[in-house]
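The values are calculated or read from the model by the stated rules, or taken from the named source; none is laboratory data. The structure presented is a predicted model; accordingly, all values stated were derived computationally and were not measured. Here the Cβ positions follow ideal geometry from the backbone for every residue, glycine too, while neighbour counts run over all protein chains shown. Only protein heavy atoms, including side chains, enter the accessible area calculation; ligands, DNA and RNA are left aside. Shrake-Rupley method; radii C 1.70, N 1.55, O 1.52, S 1.80 Å.
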Amino acid sequence: MRGSGPLDGQLRIGGAKNSALKLMAASLLAEGTTSLVNVPDITDVAIMTELLEAMGVEIRRTGQRVDINVPNEIDPIAPYSLVERMRASIVVLGPLLARIGRARVAMPGGDDFGSRPIDMHLQGLEQLGATFSHEHGDINGRADRLIGSEVFLEFPSVGATENLLMASVLAEGVTIIENAAREPEITDLANFLSEMGGRIEGAGTSRLRIEGVDKLSPVNYTVIPDRVEAATYLSALAVCGGQLHLEGARVDHMEMLLRKFEEMGMILKEDDSGLQAKVVDRLTAADVSTLPYPGLATDYKPFLVAALTVSDGAGMVTENIFAGRFRYIDELVRMGAEIRAEGRHAVVRGVRRLSGAPVRAHDIRAGAALVVAGLAADGETAISHAHHVDRGYEDLAGKLSSVGAQVTRT
Ligand code: UD1
């Protein structure tokens, strides 16, 4: 891509990756055909499709709609070849134990965020009565019938909350999840499960109360819009200037992010169909500190860092969720960004322009943030390992080009 700007036009926000993946896994809880609408056509969804198909589920995509036909008999195995490609595969554990009482799921390894344990998933499920053994890199889970219990999470883990929620809807009796994650994707999952017949109270709060039922039914459900995709376009606007209308963006899902961009000088206005955003001057630097929802999401951070690289002044960035999530900074420095990182902190001092260079994408969001940085750089930026970006974005290059950015996918 090349230095670009100003941007002008409208972009439609697609379905949330981190919700769609979990809703697909949750479909395992009911025999029959569940239809999900607004499912993005991205690699991670294709991997989840492969994973469910390997278990005997039939899946058909028609545009943004995905029909998931779950048979009575499921082969409850998530092989390493798929779990290795997508860590989020671990969320099949809860539904499999709840529905058929057995699961063999490959243990995920570390990734570019650093080490990512799943101890809270396993401990929580054990409290519901599941037992686990580890063999040859797999976790073997068993449960005759899960029994409701009170589970305290040491940290409001998104994945652990989701696995516990999906397991407890079919458990016997009442489950309480204390210190539950509150992300909008959790609320979406809770709403989906409620429509299937689950009894859940407290979605969006840190205390979830789930009364187990014997059976769930398949449903038709629309996935919420992707707040991280919206953040990506806002950061592109931050570095290029201009104006964008983000159709379908849910302002109530990204309050902190919008406040941060406003603090930096972006002009934002909610309207009937989404969000209008405008940048007239170079933005001013601000400090960024990631926290569980409703705090600033760690997934937004690469985009805020990209915006800071060319803002006026310096911003201190603190990562509180994933200790290792700073690898893309070396790539930004290759492009002339002034960043000093140490441990969980980075200080980003804005420069006028970045300088296009060959760089490498290490993960989905870091890759997309390099695309944004490329729009703020003189000359050409070539991003290798761009397949990481395809894991979470449906035609990022095409969408950004449609509003005036110079980006091509080769
Ligand atoms: C999800 C999102 C990811 C986002 C993250 C935090 C998906 C597919 N991914 O990841 O994009 O960045 O939420 O908002 O939805 N932890 C443990 N033990 C556990 C579980 C987690 O120590 O059993 C730690 C993690 O290492 C991390 C922190 O808890 O430091 C948060 O992780 P978690 O909220 O579980 O993130 P994910 O669900 O993996």
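Applying 1/(1 + (r/R0)^6) with R0 = 51 Å to the Cβ-Cβ distance of L291 and N72, what FRET efficiency is obtained, to the nearest 0.05? Working shown, then result.
Details: r = 43 Å, r/R0 = 0.84.
Computed FRET efficiency for L291 and N72 comes out at 0.75.
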| note | Most packed first (mean Cβ within 10 Å per residue), the peptides 23-36, 244-257 order as 23-36, 244-257
| task | Before rounding to the nearest 500, sum -39500 (n - 2.57) across all DSSP H runs of length at least 4 in the chain and divide by the residue total; then give [θ] at 222 nm in deg cm²/dmol. | result | -9000 deg cm²/dmol
| field | Range of Cα positions in the stretch 17-222 per principal axis (Å), largest first | value | 41, 37, 32
| Estimated FRET transfer efficiency (E172, T222; beta-carbon r; R0 30 Å; 0.05) | 0.45
| said: Run the simple label-point estimate for D8 and D214 please: 7 Å along Cα→C-beta, distance reported in nm. | reply: 6.4
| task | Please list 148-154, 9-15 highest first by mean number of surrounding beta-carbon atoms within 10 Å per residue. | result | 9-15, 148-154
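Multiply the residue gap between R349 and D312 by 0.36 nm, knock off their C-alpha separation, and tell me the result in nm, one decimal place. Can you show the working numbers first?
On the way: separation 37, 0.36 × 37 = 13.32 nm, distance 0.79 nm.
Extra length available between R349 and D312 comes to 12.5 nm.
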| query | Out of every Cα pair in the chain, what percent are spaced more than 29 Å from each other? | reply | 43
| request: Compute the length gained on full extension between R327 and V280: take 0.36 nm times their separation in residues and subtract their Cα-Cα distance, giving the result in nm to one decimal. | output: 13.8 nm
| message | If I model a spin label at E154 and E201 as a point 7 Å from the Cα along the Cα→Cβ vector, what separation in nanometres do I get? | response | 3.0
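In the chain, what % of DSSP beta bridges are antiparallel (nearest 5)?
Details: 53 of 77 bridges.
About 70 percent, rounded to the nearest 5.
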| said: Ignoring ligands, DNA and RNA, please state the percent of accessible area on the chain from carbon and sulfur, probe 1.4 Å. | reply: 46
| request: Would you mind checking which residues have amide H under 5 Å from A382's amide H? H placed 1.01 Å from N; only 5 or more apart, or other chain. | output: A357, V359
| request: Please report, in Å, the Rg and the Dmax of the stretch 73-147, where both are computed over Cα atoms only. | output: 11.9, 37
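So, by mean Cβ neighbours within 10 angstrom, what's the order for 187-200, 321-334 with the highest one leading?
On the way: 187-200: 20.6, 321-334: 19.1.
Highest to lowest by the protection proxy: 187-200, 321-334.
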| request: Averaged over every viewing direction, what's the projected area of the C-alpha convex hull for the stretch 187-247? Give it in nm², one decimal, please. | output: 5.8
| said: Rounded to whole Å, give me the distance from the Cα center of the stretch 172-245 to that of the stretch 284-317. | reply: 24
| note | Probe 1.4 Å, heavy atoms of protein chains only: per residue, the accessible area of the stretch 17-222 in Å² is 39
| task | Would you mind computing, in nm to one decimal, how far apart the modelled labels at A54 and N320 are, each placed 7 Å from Cα along Cα→Cβ? | result | 3.7
